[in-house]
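Written out below as structure tokens is the structure these notes cover.
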Amino acid sequence: MKMREVKIMNKGLEDEMEVWGYRPCLWKTFLVGVGVVCSGGLLLLLLYWLPEWSVKGTCTHTSLRDARTLLLRTTVLIHYFTHHSTKYYWDDETQVFETYKRLFFGENEIAVRVPSLFKLLIKEVLNPFYIFQLFSVILWSAEDYYYYATAIVFMSVISIATSLYTIKKQYVMLHDMVAAHSVVRVSVCKGNTDIAEAMSTELVPGDVIIIPANGMIMPCDAALIHGTCIVNESMLTGESVPVTKTSLPSSGEDAAESYNMEEHKRHTLFCGTHIIQTRFYTGELVKAVVVRTGFSTEKGQLVRSILYPKPTDFKLYRDAYLFLLCLVGVAGIGFIYTIILTKTIIIESLDIITITVPPALPAAMTAGIVYAQRRLKRVGIFCISPQRINMCGQLNLVCFDKTGTLTEDGLDLWGIQRAEDGSFSPPESEAAKESRVDSAFVAGMATCHSLTKIEGELSGDPLDLKMFSATGWILEEPTEEETALHNPIMPTVVRPPNYVVPEANQNNPLPFEIGIVRQFPFSSVLQRMSVVVRRLGEKHMNAYLKGAPEIVASLCKQHTVPQSFTETLETYTRQGFRVIALAHRQLESKLSWHKVQSLSRDLIETNMEFLGLIIMQNKIKQETAGVLRELRQANIRTLMVTGDNMLTAISVARDCGMVRAHERVIIADAVPPKDFQSASITWHYTENPAQTTKDNQINLEEGVSDKRQTLQEQSYHFAMSGKAFAVITDHFPHLIQKLVLRATVFARMAPDQKTQLVEILQSIDYTVGMCGDGANDCGALKRAHSGISLSELEASVASPFTSSTSNISCVPNLIREGRAALITSFCVFKFMALYSIIQYLSVTLLYSVNTMPFLFLILTLCSTRYHFMSLNPAWKELVSRRPPSSLISGPLLCSVLTQILTCLFFQVLAFLLVRQQRWYEIWTPQSDSGLSHSQNVTSTHDHKNIKNYENTTLFYISSFQYLAVAIVFSKGKPFRQPSYKNWPFMLSCIGLYTFLLLIMLHPVPAIDRFLEIVCVPHDWRVTLVVIVIVNAAVSFMLEEANERWGSSFLSWLFCRRNKPPRVRYLNVALELQDDSDWPPGPSTVTYPKYPGYGCCHLVGDVI
């Protein structure tokens, strides 16, 4: 048999797809057509819902080259196909489909088409649920139950209208967001000198566009090739601080590299970002070459992620469908029962199936999410992916960025420590002393930054702002007219106020000014930035370098780096200071301005002279410690993932309570293989300042006496740098799960490593949240189950959630609302299931249906219950246990089954008791007139006589059962506020209880006639009240017992106490408890694991 050809597209990417080729088959198509006719169109509906069946049922397999239909999950035509707004074309050379960039570009437009209401209506109406409702309406109408059919139509129309309004509104909002500034006029270079005006929709990759001096909204992704731009990227990243973009390197090793979007982000202008202003030179224009257009741009991909979100594989929704199948199965049993035992005709027995599936189920399942989203918006948390709110209720681990998230965004200059003649001078608190104005150290602080003036105000990175303001210098930027009149060697100038340098043989002294000739912006990958400057009156230029101390020291001449560099740096970082190093180099006099513009940064950033350290104080935000304490008490792990120094990060972790005083930190220092030496990990135990000898003795005794302690009781944390993380993932993959299980601090992490860490945590079954400022965290924010961006913007496409508050207090708020929404979904689903089952039991007992009571129950009890049940706000505290994530869990099924049995028992009890009463007779219209039984027995009987004592009795019992289970299932503490604080729910319950008791104890003939119920003796009404009270009490006690002891009882019953946990991270934890070699001892060196050998641990002093 020939193998079926399958190709993989976008391999390794988020939208990786498998594609099969098919061609039409005439005989299959004919058979399907016959089936459609015979089934009255039902087969066509089935194939519409299951497109894979449609393709396989009408086509045969073929090669992709010869295919006319492709199977991706949807069916499309050959030549090219569009999937998620991206075009793919067949390539004969590679024999695979490629993105449209290879052969055709199309219009540069991010077109969000707003579907017409008619299209949306057809798509919504063809939903399987509404087709089932249509079937129900037809069935009820055929049996003359017009009131009930009308009620179903009414509720379905409201549900469809609400859904259409919501979907249409979302499309319009996204369309308006994308359409703003999406089509603009641009200047395109044609050759070397010609410039033509064109619409942005006409741009294709390779076009060279001119960036105007007053800025613009970028219509595409473009690489900057001439000039400098100041860009606001808040739409993409959520980071409100403007960034500086410089041109691509034009010579050297950097220029020889192929352009890569990730590696050259600092040279790329992204679609949708706002260019505030440009830096230009005489006769030269700021130019950029188009690299991506349309949906391939960064903005286009984000819009695609909103239009076609990655399916949230949440167990709740899978279980909901399974639960529905169970209801259908129960309905099938009732269907067979009514046919076999009661000899009812099939069309009447179908009533059972239509009753079992509640018409309000779709709206009910989303009610909790809708109300939670509204409450989140009131506290400043905006959401672009509402389905993730439920997932927030399951979070058990949250990763935090450090700077701007756990600590203040702004830094305060604590002091400086200069290096002279290979040694450190004493630390100084001020840099702006007049005696040091002309020193290289102060000049480096004043020039090595990316600040710019926007509308007369300095703008840029907060660290650069603090550093520059500490010098007291002034930054001046020339206007366009000034650069046209003078030689623009120094487009940006910094100078100290009122300071001049006397020059020999001149009557007029020269002003002390330094011009910034070229800037190499800060790179999070390189962890440094540099500038080339020229001082007025000097013939040579100088280079200044600023960055992470370890990186800067490695680029300096070794004799200029103080011998106490490592000890001094550790002293500051252990205290939580953020330390920046400065270096300087005098460039050759022969270097001209034009030559400097073409030099690569590697040629500049070498053989530097170490100048000293800038010590910045990064204060922890006031809310940080309290929030982390609250999360720890809720049994939610917290991690720090930062680009800062390792020891600084550990210090901040201790200060904010992420690592407690008695807990030890073990640094995993990994080095890659080099010079025939294999990769290795050295385990360094950091000093624990708060731990006394007594504490050590206690911990040692506990470790010996109780080796199988829980994770929370273990007193160590791992910490690792981005470099070590990369080595461990590459060379020690078997250790990475063990490490992340207890790792708390990740320092010097690159943006892609943050994303990789989130994926590793998810691979061991953690439900991961990520909280960051949105700048370098975009990938991790989108990859996490719940990404929270701290931004002043109302909504950022960088993450599913955006908080307008600038601290992490939004995290517990989001988790609380997520838990409340999740519990609400469970409560509502349980109520809707019981609502259906109670109806099912009543109808099965009666064999007929009284439409008016059902109409009353649907419109007054069911439709209002689930809305009011969803209004309970979140509980004010986070508790240590999480809500269940599955509808098919033991306690939840036990709760539903016990309530079903309770309702069944009391319905059967009332049904049998009413028939045992002395006054009972088969009811006829004359019964209410006081006629004797003998007169009634001769009357003709309608086999569908719905006005009878049994029907009336079960109406009263089931009505109170609906209210009882609604109250029982409307849980409050510990995840939601108590129901008595939900005043709409309480008022509706009191009102309905009052009304039902009134019509039961004091019947009103008009109401009885409307509901089609009959008059029963007063004694029986009192008996019904007793039954109702006992029923409610039993339901409440069973639910309370299930809440307290259900889980333990089921574990004992099914012997699950000693079974291994289902989640992977707990299995890893259990394995480590039995591993006597874990964690490795101090100064131990671990080498890679080779086939046939375990890890090699060497113990000893490591230098």
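The values are calculated or read from the model by the stated rules, or taken from the named source; none is laboratory data. This one's a predicted model, so the numbers in the text were calculated from it and none came from an experiment. Here the Cβ is made from the backbone with ideal geometry for all residues, glycine too, and neighbour counts use every protein chain on show. Note: areas computed on protein heavy atoms with side chains; ligands, DNA, RNA excluded. Shrake-Rupley method; radii C 1.70, N 1.55, O 1.52, S 1.80 Å.
Assorted remarks:
- Stretchable slack from Leu458 to Phe132, in nm (0.36 nm times residue separation minus alpha-carbon distance): 111.0 nm
- Measuring against 23 Å, Cα to Cα, the residue pairs Lys190/Lys453; Lys619/Lys876; Lys723/Lys754; Lys830/Lys973; Lys782/Lys830 contain Lys190/Lys453; Lys619/Lys876; Lys782/Lys830 as the ones spanning a longer distance.
- Packing-based ranking of 534-545, 801-812 yields 801-812, 534-545, ordered from highest to lowest mean Cβ neighbour count within 10 Å.
- Solvent exposure of region 711-773, expressed per residue, is 28 Å² of accessible area, with all protein chains present and a 1.4 angstrom probe.
- Rolling a 1.4 Å probe across the protein heavy atoms gives region 517-658 an accessible surface of 39 Å² per residue.
- Ordering of 221-228, 893-900, 452-459 by packing is 221-228, 893-900, 452-459, highest average first (other Cβ atoms within 10 Å, averaged per residue).
- The share of accessible area on region 968-1030 that comes from carbon and sulfur is 75 percent, using a 1.4 angstrom probe.
- Karplus (6.51, -1.76, 1.60) ³J(HN,Hα), θ = phi - 60°, over region 727-737, in Hz, Gly and Pro reported as x: 5, 5, 5, 7, 10, 10, x, 6, 9, 5, 5
- Here the extension length gained between Gln597 and Arg629 equals 6.4 nm, from 0.36 nm per residue of separation less the Cα-Cα distance.
- DSSP-loop chymotrypsin sites (Phe, Trp or Tyr not before Pro) across region 644-688, with at most 13 other Cβ within 10 angstrom: Phe676
- Spread over its residues, the convex hull of the C-alpha atoms of region 524-609 is 109 Å³ per residue.
- Within the accessible area of region 568-622 (1.4 Å probe), percent carbon and sulfur: 44 percent
- Residue-span extension gain [Arg1062 to Thr566] - 0.36 nm each, minus C-alpha spacing: 174.0 nm
- Protection-proxy order for peptides 161-174, 647-660, each taking the mean of Cβ atoms within 10 Å per residue, highest first: 647-660, 161-174
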